[in-house]
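In what follows, a structure is listed as structure tokens, so that the remarks can point back to it.
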Amino acid sequence: MTLAGRTALVTGGSRGIGLATVQALAAAGAEVTFTARTEAGVAAALEAVPGARGVVCDVTDRAGMERLMAPGGAGGFDILVNNAGVIGPIGHIAEVAVEDWAANIATNLIAAFHAIQLALRGMLPRGGGVIVNLSSGAAHRPMEGWSAYCAGKAGLAMLTRQIHEEYGAQGIRAYGFAPGVVDTDMQGTIRASGINPVSRIPRANLRPAAEPARAIAWLCGPAAAALAGQELDVRDPALRAAVGLEALQ
């Protein structure tokens, strides 16, 4: 698979699954831009992927995202990976602050919608593009203490289907992709909370970020076209075989 000649944007690309995705896309030949919230985050990521372009921008900064993704300039991306996300607030519904709950939705759903909207303005005139929204099993079942995260990811899953409904016939391929339980900083936060079964998964059982990143890069290529509009899971045996990942035991 090659993505040579394609331009990609990965939000939240300075660490974890985001950074691994930047690496995977770059290895496939794409010209990759990523966002991070700090200069330090950009600098650290560029040490791992020196050929990428890093931009300091919080995805909730609408003006900043509009500058980054202006279709007439360097922001005419062929690929958008909506990776930026937060897990908190972790707590029962009656206990969490509504402001914290709203901040989660602002990042995980509203900012993702805005990035999609901006990406479409560049993709549609060029005849197509690929959008990968980072999903989760939490999009489809409730998890104790994660009301905001579950609600945001459920909304994003529907948004993936909506993109396909409105723009699939115009060459836009949208995917929801659940990366499984991966060894990231977010999982560290989850373990520290101790609030549901996910928090009690031993770190030794977590998967490496390179695994879902490889699948995301594969989704951006032509071989995945028949799966457009679907919610996919890295643990699915058929998907793993298509991507070239080893079967799970």
Residues located in the stretch 73-103, provided they are more than 14 Å from G152 (Cβ to Cβ) and among the acidic types (D, E): D78, E95, E99
Among residues of the stretch 165-206, those that are over 21 Å from L232 (Cβ atoms) and either assigned to a helix (DSSP H, G or I) or touching a Pro at 6+ places or on another chain (Cβ under 6 Å) (or both), counted: 14
Selection within the stretch 138-148 - over 14 Å from the mean Cα position of the chain (by Cα) and part of a helix (DSSP H, G or I): A138, S147, A148
Test: residue in the stretch 11-24 that is closer than 16 Å to I216 by Cα, over 18 Å from the mean Cα position of the chain (by Cα) and surrounded by fewer than 21 Cβ atoms within 10 Å (Cβ to Cβ): no
Candidates A154, A138, A102, A148, filtered to the one that is farther than 27 Å from R235 by Cα and either among the β-branched types (V, I, T) or modelled with pLDDT of 95 or more (or both): A102
Exclusive hit being at positive phi and in contact (Cβ under 8 Å) with a residue 60 or more places away in the chain, set G229, G244, G194, G221: G229
Matching option when the condition is within 23 Å of G12 (Cα to Cα) and among the polar types (S, T, N, Q), among N205, N133, N196: N133
Residue check, A103 in contact with a strand residue (DSSP E or B) (Cβ under 9 Å, 6 or more places away or on another chain), surrounded by fewer than 20 Cβ atoms within 10 Å (Cβ to Cβ) and assigned to a helix (DSSP H, G or I): no
When residues of the stretch 183-195 are limited to those that are more than 14 Å from the chain's Cα centre (by Cα) and closer than 15 Å to A20 by Cβ, the one surrounded by the fewest Cβ atoms within 10 Å (Cβ to Cβ): D185
In the stretch 134-154, residue farthest from L227 (Cα to Cα) [restricted to those that are surrounded by fewer than 18 Cβ atoms within 10 Å (Cβ to Cβ) and in contact (Cβ under 8 Å) with a residue 24 or more places away in the chain]: E144
Tally of residues being assigned to a helix (DSSP H, G or I) and either under 14 Å from the mean Cα position of the chain (by Cα) or buried (at least 19 other Cβ atoms within 10 Å of the Cβ) (or both) across the stretch 115-133: 7
Odd one out for G180 among (1) of a type in the set (G, A, S); (2) more than 30 Å from V98 (Cα to Cα); (3) surrounded by fewer than 19 Cβ atoms within 10 Å (Cβ to Cβ); (4) within 19 Å of the chain's Cα centre (by Cα): (2)
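The values are calculated or read from the model by the stated rules, or taken from the named source; none is laboratory data. In this text, all values refer to a predicted model and were calculated from it rather than measured experimentally. Here the Cβ is made from the backbone with ideal geometry for all residues, glycine too, and neighbour counts use every protein chain on show.
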